[in-house]
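**Q** Quick one: the structure is below, questions incoming.
Any read-out appearing in this document is the output of simple, stated calculations on the displayed coordinates, not a laboratory observation. On a predicted model such as this, the values are computed, not experimentally measured, just so you know. Because the Cβ atoms are built from the backbone with ideal geometry, glycine has one as well, and the counts that use them run over all protein chains shown.
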Amino acid sequence: MCTVVVAWQCVPGAPLVVAANRDELLGRPSEPPLLLSPDPPRWGGRDVLAGGTWLAVDPEGRVAAVTNRHPGGLVPPRDAARQTRGRLPLEALAADDTAALAWMQSLSPTRYNPVNVFYASSFAAYWTALDDRQGRRTAPLTPGIHVLTEQDLDDPHDAKATRLLAQSTAALATSATPNDLISALRQLLSSHETDDAGSPACIHAEGHGTVSSATVLVTDSGLVHYEHADGPPCVTPYLTVL
């Protein structure tokens, strides 16, 4: 997962809205969302090579995701001896909000290749960055719109994140309902706009690009609406998972 847009505690009727694109090597095999864990139930796509996931959804109303992390905009060398980052979303959902925060604060930056970890429920939301240069940093999200790519959360030096943050904030202001916001965020995730130094939300490059997209909406009553596009969102319909 390489782009995550979050509207947390700022949408009437929906305390948690997540919209995310997964960017990956086009030849890397994966499975669309399935039941990753039956007891307790956890849903998400599966990376066939490493066996983990990039986004996991708890039907009780919690979401966890990871993005690769490129400190300073540079792609770090991958250490094959380190543990797969795909295990982190399910581990984040192992217990409750308090346990999730304690777990994030216990993560070792030398155990994984650089990664951003995101966790949210209707009542709590956290972000953790792990990399060899800065170690581990964990911070709570404030109510509002947030964007996570391969840099820091809402990184002002990340042109892509800055653009999406402004566009998502504008979409929130003009959305009458949570479903209106979901529709607007899907349009943003489908965009090929590159009017600055940042990459587009929907990437089409040689051997690499946006391979899937997902939206998750959690209502005040705890209902979860999880939908997935198993391909670039510019040409692929979103289908219901939960």
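**Q** Which residues make up the longest stretch of the chain that has no trypsin sites (Lys or Arg not before Pro) in a DSSP loop with at most 16 other Cβ atoms within 10 Å?
**A** On the way: sites that count: Arg78, Arg82, Arg111, Arg133.
Maximal segment without exposed cleavage sites: 134-242.
**Q** Follow-up question, since we're still on this one. What is the distance in Å between the Cα centres of segment 31-57 and segment 190-227?
**A** When both Cα centres are located, 18 Å separates them.
**Q** State the extension gain, in nm to one decimal, for the chain segment bounded by Arg111 and Val48, taking 0.36 nm per residue of separation less the distance between their alpha-carbons. Numbers along the way, then the final one.
**A** Details: separation 63, 0.36 × 63 = 22.68 nm, distance 2.10 nm.
Roughly 20.6 nm would be gained on extension.
**Q** How fast does segment 163-242 diffuse by Stokes-Einstein, in µm²/s, taking the Kirkwood radius from C-alpha pairs at 10 °C and 1.306 mPa s?
**A** Details: Rh = 13.6 Å.
Once the numbers are plugged in, D ends up at 117 µm²/s.
**Q** Restricting to segment 55-132, compute how many DSSP beta bridges are antiparallel as a %, nearest 5.
**A** Working: 16 of 17 bridges.
Close to 95 percent.
**Q** While we're on this one: Efficiency by 1/(1 + (r/R0)^6): what FRET value for Glu31 and Ala166, r their Cβ-Cβ distance, R0 = 35 Å, to the nearest 0.05?
**A** Working: r = 34 Å, r/R0 = 0.98.
After rounding, the FRET efficiency stands at 0.55.
**Q** Something else now. In whole Hz, what ³J(HN,Hα) sequence does segment 56-67 give by Karplus (6.51, -1.76, 1.60; θ = phi - 60°), x for Gly and Pro?
**A** Once θ is set to phi - 60°, the couplings for segment 56-67 become 10, 10, 8, x, 7, x, 10, 9, 9, 8, 10, 10 Hz.
**Q** Name the residues whose placed amide hydrogens come within less than 5 Å of the amide hydrogen of Gly45, ignoring near sequence neighbours (fewer than 5 apart) on the same chain.
**A** Leu34, Trp54, Leu55
**Q** A follow-up question, please. Which ³J(HN,Hα) values, rounded to whole Hz and listed in residue order, are derived for segment 76-90 from phi using the Karplus coefficients 6.51, -1.76 and 1.60 in 6.51 cos²θ - 1.76 cosθ + 1.60 with θ = phi - 60°, glycine and proline given as x?
**A** Going residue by residue, I get x, x, 8, 9, 5, 7, 7, 5, 5, 6, x, 7, 5, x, 5 Hz, with x marking Gly and Pro.
**Q** Once you've got the GNM for the chain with C-alpha springs shorter than 10 Å, pick whichever of Gln83, Gln167, Gln134 has the biggest mean-square fluctuation.
**A** Gln134
**Q** Moving on. Would you kindly calculate the mean projected area, averaged across all directions, of the convex hull enclosing the Cα atoms of the chain, in square nanometres?
**A** 11.9 nm²
**Q** How big is the dipole moment of segment 3-240 about its Cα centre under a simple scheme where the beta carbon of each Lys and Arg is +1, that of each Asp and Glu is -1, and everything else is neutral? Debye, nearest 20, please.
**A** Working: 17 positive and 26 negative charges, 97 e Å.
That gives a dipole near 460 debye.
**Q** Between Ala95 and Thr174, what is the label-to-label distance in nm when each label sits 7 Å out along the Cα-to-Cβ direction?
**A** 4.5 nm
**Q** Where is the GNM fluctuation largest for the chain (alpha-carbon springs, 10 angstrom cutoff): Val66, Val11, Val75?
**A** Evaluated over the chain, the most mobile residue of the options is Val75.
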